[in-house]
Each structure stands twice: as C-alpha cells, then as structure tokens.
Amino acid sequence: MSLSVNNFFNAVVGVMRITRAYVTFTDLINTRTNSDGGTGDTSTLDMGSRSSLHTGLHMSEDEHWEMNYHEAAIYLEEGLNNEKFDSHPSSPEELPAYLRVHNPWYHGLDLLASLVLIMLAFTEDPAVPAFELPVWAHGTIELMALTVIGVELHLKLKWIGWSTILKHKRTMIKGITLLIMVLEAVVVLCRQSSHFRVTRALRPIFLVDTRHCGGVRRFIRQILQSLPPIIDMLGLLMFFVATYSLLGYYLFSEHIDNGHFQTISDSFVSMFVLLTTANFPDVMMPSYAKSKWYALFFILYIITVLYVLMNLMLAVVYETFTRIEREKCRALLLHRRRAARHAFRLLVSRRAPRHVRLRHFAGLMRHYAPHYSGLDVYLMFKQLNHSDTGGLSSSEFANLYEVFALRWCPQQSRAPWYSASALEPLGRAAAAAVRWPYFEYLIYALIIGNGISMVLRVCEAAGDLQDSARLLCASWDTWLFLTLFLLEAGLRIMAMGLAAYLESGWNVFDLSVTLLALMGAVLLSIAPKLFIVVIFRPLRLMRLYKLKKRYRDVFGTLVLLSPLMSSAGCVMLVMYYFFAIVGMELFATYDLRNCCVNTTVEDFYKFSLNSSTPLGYYYLNNFENIVTSGVTLFELTVVNNWFILMNAYATVAGQFSRMYFMVFYLFTMVVLTIVVASVLEAFRFRIQYKRSTTKRDEEKLLHEEVHTNWEEAQRLGASGDLAEELRPYLPPGVDVTFIGSRPRTKEVLQRRMYQSDIQKWLAEEDENEGMPPSTTLTSSEDPLSPPLIHQPETESNSQLQTGYQL
C-alpha cells in the first residue's frame with residue numbers, strides 16, 4: 001500500500017494542480033457571482049461550447065476559456081480513472097466540493113482513516129496483548145476515523161445529489177455501513193464495553209473504496225462477474241457431494257469402527273472434507289479393512305469431484321475470466337473515448353469548430369498535467385496531429401491517452417551519455433568491455449563459480465552454526481565474488497549510464513542482490529547469530545534462469561501479473577480480515593486444551609503443564625486475537641488437517657459451527673481459482689504476444705518519432721510562454737527529431753493484440769451513437785501502431801454547439 005517514488009511525485013504534482021485550480025476557480029466563482037449585472041452572455045465569445053462550470057458568471061473570454069480547459073481536464077481525469085460521468089460537476093456551486101474530494105491530500109487522509117479503522121482490531125477486545133487500548137481510547141479513534149469518511153460522503157452529496165447516490169451501489173453500501181458503525185461506536189463509548197460486533201468485519205469496505213485501491217475494486221468486480229458460472233459449477237459439485245454422502249451413509253453407517261458415516265450429517269461432512277483430500281485415506285480405511293471393494297466408492301468419488309469437476313470449474317472460470325478481460329479492455333477504451341469527446345467539445349472554437357488548436361491543447365494540459373513541459377505538450381500535439389489542418393480532429397484527439405505515457409528526448413541525446421565529457425575514455429573502454437562477445441559468458445561463468453563455491457562451503461564441516469554461516473556468506477570467496485559482481489555492475493553503468501542501466505529489470509535485480517549479499521556479509525561479521533542474511537548470497541544464481549526461454553517467459557509473466565497479484569493479495573487480506581473478525585466474535589471465548597475427549601481428534605488437543613505430545617499443540621490454532629486468527633485461517637487455506645480444527649469447534653461450540661469453516665473454504669476456493677485463471681490468462685497472453693511480435697515490431701510499438709522544426713511550431717500556433725520554452729530545443733532552420741518512449745505495460749500490449757477488435761469496437765460505438773462510419777488510419781507508418789479513427793467531416797458534425805451544457 002505504500003507509494004513508490006513515481007507515485008509520490010505524481011501525488012505532489014496532483015496536489016499542486018488541484019490546489020491551484022481550487023484557489024483560482026473558487027476565487028473566480030466568488031468574484032463573478034458577486035459582481036454587478038453580468039448574465040454570463042457568451043454570444044460574442046470565440047467558443048464552440050460553454051463549460052457548465054461558469055453558467056451565470058460574468059467573465060472575460062480568457063476566463064471562459066480557462067473554465068473550459070478546467071472542465072475538459074476533469075473529463076479526462078474521469079476517463080483515466082474510469083469514473084462515471086453522472087458524478088461530473090455541473091454547476092459552479094458543485095465545483096468546490098468536487099475539488100476537495102479529488103484533492104490528493106484528501107485521498108491520503110481517506111486512506112489513512114480506512115487503515116486506522118482496520119488496525120483497531122489489534123486494540124479492541126479480544127486484543128493483541130501488546131496493543132490493547134481502553135474502550136474510551138479505541139472508541140474515540142474509531143469515531144474520528146469514521147468522521148473523516150463521513151465528510152467525504154457529505155461532500156459527494158453536495159455535488160452529486162441524492163438521486164445519483166441512490167443509484168450508486170458502492171456509495172450506498174458505504175453509507176449504510178458508515179451509519180451502522182457510527183451508532184455502534186457511540187453505544188460502545190456509552191456502555192464502556194464492547195458487545196457482539198460482527199459488523200466490524202465490514203470495515204474493509206472503506207479501504208476498498210479509496211482512490212488508492214482501484215485495482216482491488218477491479219479484481220473484486222471480476223470475482224463478482226465470474227460468480228454465475230462458479231455458482232453453477234458449485235451447484236453441480238454439491239449435488240455429487242450430497243449424492244455420495246447419501247450412498248456412503250447407507251453403505252457404511254453400520255460399520256461400528258467407522259465413525260465418519262454414523263449419521264447423514266456426519267456423512268456429508270466427511271465427503272465435503274474428502275473433497276479437499278484432507279481426511280484421505282483415513283476416512284476409507286475402516287471400511288476398506290472389511291472389504292477391498294469399498295475402495296471403489298472413494299476412488300470414484302475423488303476422480304469425479306476432484307479431478308473432473310474441480311478442473312472443469314477451473315476451465316469455466318478461465319473462459320469467463322478471459323472474456324471479462326477483453327470486455328474490461330473494451331469498456332475502458334470506449335469510456336476514455338467518450339471522455340475525450342466531452343473534452344473535445346469544450347476546446348473547439350467558432351473559427352475552428354472541428355479542430356482543437358495548439359493554444360487550447362496547451363491550456364488543457366496546464367490543468368490536466370501541469371508537470372509537463374512546453375516541449376512535452378508540443379510533441380504530444382504533433383504526435384497526435386496527422387492532418388494538414390493545423391489542429392486536432394475529433395478522431396485524433398480521441399487518442400490523447402496513448403501519448404500521455406510517452407517520454408520524449410532529442411534523438412541526438414541517444415548518443416552515449418559520456419560523449420564530450422572527461423569520462424569519455426573510461427566510458428568507451430567500459431562500453432568495449434561490455435560489448436565483448438564473451439562478456440556475458442564470463443559473467444555466467446562467475447555466477448556458476450559462485451554457486452559451486454557455496455555448495456563446497458555447505459559441504460565443508462563446521463564447528464557450529466555460526467562458523468557454518470560465516471563460511472557460507474562472509475568468507476574470502478564471498479568477498480571475491482561480490483567484488484567481481486560490483487565491478488561488473490560498475491562497467492555496465494559506465495557503459496550505459498545509470499538511467500539506462502536501471503531500465504533493465506535484470507540489471508536492477510543483479511545490483512540489488514549483490515548489495516544485499518554485501519550487506520549480509522557485513523552484518524554477519526558484526527552479528528554472527530544473524531542467520532537470516534544467509535539467504536542473500538544464493539539469490540544471484542537466479543540470473544542463470546535467464547538463459548532458458550521458458551524461464552524468461554515465466555518471469556515476464558510475473559512482471560505482467562505483478563499489479564494483478566498485488567490486487568489479489570489485498571483481496572485475500574480483506575477476506576482474511578472479514579473471517580477473522582467473525583471467527584473472533586464466534587469462537588474467541590473457547591479454550592481448546594483437552595477439549596475433545598472421546599472424539600476422533602482427542603489426541604490433537606491433549607495438553608498438560610509439564611509437557612504436550614507433538615500432536616497436542618493444535619490448541620494454539622484458535623481465534624483469541626486478530627494475529628492468531630490470521631494464522632489459523634492460513635492453515636485452513638492450506639486445507640491440510642483443517643477438519644481437525646473444524647471438529648474441535650464443532651465439539652465445544654456446536655455442530656452448526658462447521659458452517660463457518662465450510663463457507664471459508666468455498667470462499668478461498670473461489671478466489672484462488674480466479675487467481676489461477678488470471679495466471680493462465682496472463683501466460684497465454686504473453687506467449688501469443690511473443691509468437692506474433694518480433695523484437696523489431698516491439699521496438700516500433702514502444703517508440704514514436706516526431707520530426708519538427710521552429711517554423712512548423714510557429715505555423716501550428718506556438719506563441720507566448722510556449723514559444724519561449726520551445727526556442728532552446730528548436731533552432732530556426734534546423735529539423736529536429738524527438739524519440740518518444742512508452743513503458744511496456746499490459747495495456748500497451750493489449751492494444752497490439754486486440755488491434756482488430758479495437759477497430760470493430762470503435763465502429764460499433766460510432767454506429768450506436770449515430771455517427772458516420774469511421775475509416776481506420778494509423779498513428780504512423782508503423783503497422784503495429786494503435787489505430788486512429790478518422791471521421792469524415794459532414795455538415796452534421798460541423799455545426800456549432802453554442803450554449804452546450806455538459
């Protein structure tokens with residue numbers, strides 16, 4: 001959940017943008033609404049559309065344009081964040097509340113309040129002993145956190161209104177949960193004692209709804225969208241479990257020494273547990289001792305439910321997940337296209353009703369991305385502009401989101417970083433060494449030698465663990481290989497430059513593990529008992545996996561999956577928190593020591609103050625606080641001997657407590673099945689992409705070239721501050737080439753893989769909106785470039801939309 005350096009930079013930039021916009025436009029609104037006369041007549045203004053944010057305000061033309069730029073930027077942000085347009089501010093009175101809620105500092109405060117609410121589980125009864133707080137303390141903290149969240153809902157209500165909020169399910173659920181929790185917190189403070197508060201399990205709702213957890217919300221949405229086929233398969237699965245339970249009852253209930261089938265409920269529980277294989281072959285052996293033919297019953301059951309139906313469920317979920325991924329890509333593409341369309345209508349003028357000029361594009365970027373330089377803005381405009389009209393058409397402007405990720409540099413700056421510097425001789429020597437054909441083979445030989453050295457050190461006899469750890473990670477050979485690896489990193493950095501060196505994930509990995517191993521050797525020399533650092537030196541051996549293509553595909557898939565896996569991990573933590581709170585409310589008061597006398601799990605819970613048997617430590621798996629509850633739930637996730645814990649609580653708390661454990665297993669099975677399906681989909685996507693794309697094709701996909709000069713910039717309308725920023729980079733009379741590089745993300749690769757689908761989606765969208773058929777162009781001569789949709793100019797789309805209200 002922590003912010004990276006880039007995220008922190010973006011947050012700071014966002015704070016500057018929102019704060020400046022809020023101050024400027026709040027003052028503007030207050031000033032203009034209090035001015036004399038002024039009905040806001042814009043009949044003489046050179047605008048194609050009016051922003052709804054200055055309705056009724058008397059402003060100059062420049063101020064009207066600033067309002068248009070600001071609202072257009074809001075539309076683009078809503079498209080980027082996939083926010084619905086029904087929450088768009090539609091009047092000057094709604095803008096201050098909108099800006100407050102969308103302030104990055106408030107996003108951070110909202111996230112902090114949500115995390116504080118979740119962390120209160122460590123301090124509330126039953127609390128972790130080290131973090132326990134009195135009731136008045138954690139109750140007051142809870143109310144303060146809920147107040148922060150309540151302020152956000154109040155501000156949303158001010159600009160969205162009840163009619164829209166009632167249609168927004170997530171906001172309604174959040175509001176109802178907030179009301180319940182406020183009432184419960186007040187009751188706890190009044191009574192000065194906690195009560196049965198299972199609703200605490202709903203606290204993650206506030207965390208999931210924060211701006212920083214958008215990926216978690218998308219993953220939860222995918223789970224919900226995948227539920228119909230999963231429920232269908234679970235229904236079929238439970239049918240077979242119930243059928244075999246009934247048959248097992250009639251076959252084995254008379255076997256006195258087989259206590260798993262004495263009643264119908266015992267039979268169902270046993271067959272449900274057998275679905276996870278946790279009680280196999282124990283459940284079979286008493287009957288198997290009577291007749292070997294009884295083994296057929298259990299073998300057929302496991303084959304049917306485990307190897308057929310469970311794998312069939314995975315196949316169904318995989319197909320559904322793949323379809324959802326494609327649909328998600330389509331929905332996001334069309335949503336951003338609609339956002340760009342809304343913004344386009346606010347940026348055209350009467351003199352150019354079908355094109356956005358550079359001046360207005362630069363005004364938009366001042367509000368949307370003020371951290372971009374004038375050169376960045378001009379190059380983005382030039383990259384989008386493929387016509388000779390001097391402005392961006394609607395179809396060109398619709399591709400705005402694709403150029404935001406480009407980072408520009410002059411072509412001549414792609415020369416070696418050490419050119420014309422005092423370090424040029426060293427840089428050339430390092431570059432020659434790195435380009436040596438046998439350099440990589442030499443590095444791999446060093447890595448293999450490092451591995452052989454470690455094996456010999458492990459096999460070498462040592463007096464105790466401290467001497468063994470020192471020989472493995474702090475001996476002379478360790479320092480030798482670490483020095484050689486640091487020398488290798490230094491050569492690469494000198495040859496490529498630090499920025500280019502860090503662009504490679506493998507280089508970052510090599511440098512990181514080398515520095516960690518160096519730190520481990522130093523720490524082990526200082527603190528000989530710090531055995532945990534022995535893990536660092538072997539990590540460098542992972543570089544050998546790069547030699548085999550299959551491993552490269554696996555690591556590449558992991559990189560693509562890292563955002564999804566982080567979201568899946570957050571969903572698992574949310575699910576654990578939910579069931580941990582419910583488990584503590586239900587089972588925290590039960591002591592499992594010596595709890596299950598005369599039951600099949602008695603031996604697992606035998607306890608004495610003098611000693612316990614190896615099996616007797618199962619009493620530690622309980623719900624006495626949030627930490628032990630999390631460990632217990634993880635053991636249930638692994639499903640090894642999970643029925644032992646379930647049977648223990650069934651003995652002390654009643655047979656209906658089994659429902660808790662069964663429902664938890666079904667939830668984890670659903671989430672983990674979707675995680676497996678996402679891994680399969682990502683791996684299939686990467687393999688198909690690799691097969692259909694060469695290295696040269698990928699290089700073209702990730703880079704764009706823009707050729708321009710000072711005269712062209714003036715012709716396109718560069719003037720004022722923008723012209724002054726461009727002048728150092730565009731000498732008069734000289735053609736300059738700039739290279740734009742975009743990161744290699746899954747979204748970029750999807751545009752390559754779904755190219756034909758994207759054309760069809762855009763054509764269908766045009767047809768649904770009654771627009772003329774589109775013709776497909778490309779953003780450059782590269783056939784792999786994302787498609788641009790060019791709309792023929794007709795009288796219908798050339799008419800001015802004066803007085804247009806968004």
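The values are calculated or read from the model by the stated rules, or taken from the named source; none is laboratory data. Because the structure is predicted, anything quoted here is derived from the model rather than measured. Neighbour counts are summed over all protein chains in view; Cβ atoms, including those assigned to glycine, are modelled from backbone coordinates with ideal geometry. Accessible surface areas use protein heavy atoms only, side chains included; no ligands, DNA or RNA. Shrake-Rupley method; radii C 1.70, N 1.55, O 1.52, S 1.80 Å.
Annotation: peptides 545-556, 582-593, 527-538, ranked by per-residue average of other Cβ atoms within 10 Å with the highest first, follow the order 582-593, 527-538, 545-556. Treating r as the C-beta distance of residue 600 and residue 131 and R0 as 41 Å, the FRET efficiency rounds to 0.65. Loop-located chymotrypsin sites (Phe, Trp or Tyr not before Pro) across the range 174-274 with a Cβ neighbour count of 16 or fewer within 10 Å are 196, with loop assigned by DSSP. Restriction of the chymotrypsin sites (Phe, Trp or Tyr not before Pro) in the range 57-137 to DSSP coil positions whose beta-carbon has at most 16 other beta-carbons within 10 angstrom yields no sites.
Ratio of Rg to Rh for the range 409-560: 1.04 [Cα atoms; Kirkwood radius as inverse mean 1/r over pairs]. Multiplying the residue separation of residue 489 and residue 696 by 0.36 nm and subtracting their alpha-carbon distance yields 71.8 nm.
Here residue 184 sits with roughly 30 square angstrom of accessible surface, probe radius 1.4 Å. Once the Cβ-Cβ distance of residue 190 and residue 93 is raised to the sixth power relative to R0 = 45 Å, the FRET efficiency obtained is 0.75. Its relative contact order, with pairs defined as Cα atoms under 8 Å and 6+ residues apart, puts the chain at 16 percent. In a reduced charge model with +1 at each Lys and Arg Cβ and -1 at each Asp and Glu Cβ, the range 612-764 shows a dipole moment near 800 debye about its Cα centre.
Which of the aspartates and glutamates could a cross-linker span from residue 290 if the Cα-Cα distance has to be under 13 Å and same-chain partners fewer than 8 positions apart are dropped? Correct list for residue 290: 254, 257. A crude spin-label estimate for the pair residue 257 and residue 172, with each label 7 Å from Cα along the Cβ direction, gives 6.1 nm. Please give the FRET efficiency for residue 61 paired with residue 552, using the beta carbon to beta carbon distance and R0 = 41 Å, rounded to the nearest 0.05. Using R0 = 41 Å, I get an efficiency of 0.10. The Cα atoms of the chain define a convex hull whose projected area, averaged across directions, is 45.2 nm². The trypsin sites (Lys or Arg not before Pro) of the range 59-157 meeting both criteria, a DSSP state outside H, G, I, E and B (loop) and at most 16 other C-beta atoms within 10 angstrom of the site's C-beta, are 84. Step through the table entries 548/695; 328/546; 84/695; 382/746; 700/746, compare each Cα-Cα distance with 28 Å, and write down the pairs that go over it. Checking Cα-Cα distances, 328/546; 84/695 exceed 28 Å. Ordered by solvent-accessible area of protein heavy atoms (1.4 Å probe), largest first, the residues 470, 684 come out as 470, 684. Couplings 3J(HN,Hα) of the range 172-179, computed from phi: 5, 4, 4, x, 5, 4, 4, 4 Hz, in residue order, whole Hz [Karplus 6.51 cos²θ - 1.76 cosθ + 1.60, θ = phi - 60°; x for Gly and Pro]. Counting only alpha carbon atoms, the long axis of helix 642-653 and the longest principal axis of the chain meet at about 70°.
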